[in-house]
1. Filter the range 165-202 for residues that are modelled with pLDDT under 85 and touching a Cys at 6+ places or on another chain (Cβ under 6 Å) and give the result.
2. For the subset of the range 225-252 comprising residues that are among the hydroxyl-bearing types (Ser, Thr, Tyr) and closer than 15 Å to ASP144 by Cβ, which member is modelled with the lowest pLDDT?
3. Any chance you could count how many residues in the range 140-168 are hydroxyl-bearing (Ser, Thr, Tyr), within 19 Å of the chain's Cα centre (by Cα) and closer than 18 Å to ALA275 by Cβ?
4. Considering only residues that are at pLDDT below 75, aliphatic (A, V, I, L, M) and under 16 Å from the mean Cα position of the chain (by Cα), which ones fall in the range 43-85?
5. Would you please name the residue that is farthest from THR192 (Cα to Cα), looking only at residues in the range 107-118 that are of a type in the set (Val, Ile, Thr) and either in a loop (DSSP other than H, G, I, E, B) or touching a helix residue (DSSP H, G or I) at 6+ places or on another chain (Cβ under 8 Å) (or both)?
6. Only residues that are outside any loop (DSSP other than H, G, I, E, B), surrounded by fewer than 16 Cβ atoms within 10 Å (Cβ to Cβ) and not aliphatic (A, V, I, L, M): list them for the range 128-164, please.
7. Can you confirm whether ASP121 is touching a Lys or Arg at 6+ places or on another chain (Cβ under 7 Å), at pLDDT below 95 and either aliphatic (A, V, I, L, M) or not in a strand (DSSP E or B) (or both)?
8. Within the range 66-87, how many residues are assigned to a strand (DSSP E or B) and more than 16 Å from ALA155 (Cα to Cα)?
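The values are calculated or read from the model by the stated rules, or taken from the named source; none is laboratory data. The shown structure was predicted, so the numbers you read here are calculated from the model rather than taken from an experiment. All Cβ positions, glycine included, derive from the backbone under ideal geometry; neighbour counts span all protein chains shown.
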Amino acid sequence: MPKFFRVLAVVLTLAPTAFAAGPAAAQPALPEDMSEEDRERLEAIMNQMPEADRRIVNGEPALPGEFPSAASIAMPMSNNRLFSFCGGSLIGPEWVVTAAHCRVRTTDKVILGRRDLTTPDGTVHDITAFIPHPDYDEDTSDNDIALIRLATPSAQEAIPLVSEDEGFSAPGEDFQVAGWGLLEEGGEASPTLMKVTVPVLDSTFCQVQYSVAGVMITPNMLCAGQDGKDSCQGDSGGPGMISDLDCDLDRLAGVVSFGIGCARPGFPGVYTRVARYLPWIEEQTGVTPPDECCACP
């Protein structure tokens with residue numbers, strides 16, 4: 001059974017304009033005027049695994065300002081347009097966490113502070129570096145995490161990282177996902193940031209479910225979802241969050257990675273478990289989980 005990454009197809013512009021994306025299928029239709037090089041690049045991303053898609057299914061629109069750290073990653077096109085294809089999370093003024101399979105280039109852009117992609121809200125940042133985890137495995141999706149360094153610091157509020165202890169969430173704990181992905185498998189993309197809350201699932205149960213498709217769930221992965229609710233195509237690299245009730249804030253616990261279809265019974269969303277990568281993130285960025293409740297950078 002094919003496995004899908006959560007790469008999206010949303011066309012927007014640097015200036016305010018009507019949302020220009022048409023319906024996005026399981027393999028989104030690419031703009032006719034896209035260069036052959038960019039077309040081959042996106043097709044390679046979408047086809048890294050036999051099939052992969054992720055988007056917010058049966059969620060609801062995020063409130064204005066609810067997820068200030070949510071990032072949209074886009075490639076420049078003709079006529080001052082951007083093609084949004086992955087998500088990410090701002091963890092420090094110059095650093096965004098995303099999925100390694102998004103294959104970001106320094107010619108791409110990071111959009112922050114823009115809940116509705118059809119507006120000119122927020123800021124568009126250049127990229128100086130894309131750092132995939134050195135042990136990322138395209139065949140298994142293990143270690144599917146990467147860092148983006150922004151050319152200029154963002155004034156948006158960053159999301160604090162989960163602590164090592166919190167990173168191994170108990171089954172049943174609420175896990176909130178946000179993104180601009182498809183609203184249903186094979187359906188239309190949303191220009192508005194969406195959110196959905198699903199339970200964390202037992203890893204052994206998740207492995208049993210995915211074993212029928214020949215997919216290995218490693219200790220570096222976290223499963224979350226329920227029938228009818230999921231991330232979907234376009235949400236790749238975006239945030240999976242758990243609530244820190246003591247501090248009354250969300251912490252970044254997962255990175256949207258892959259799944260089989262979207263919200264299909266028996267196949268929950270699979271996320272990269274951020275807690276496994278805290279030493280690597282600190283080494284690259286200097287960013288660590290806060291020791292106590294804070295207004296994060």
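1. Matches in the range 165-202: GLY181, LEU182, GLU185.
2. Among those residues, the one meeting the criterion is SER231.
3. 1
4. Across the range 43-85, the qualifying residues are ILE45, MET46, ALA52, ILE56, VAL57.
5. THR107
6. The answer is THR128, and nothing else.
7. yes
8. Going through the range 66-87 one residue at a time, the tally reaches 11.
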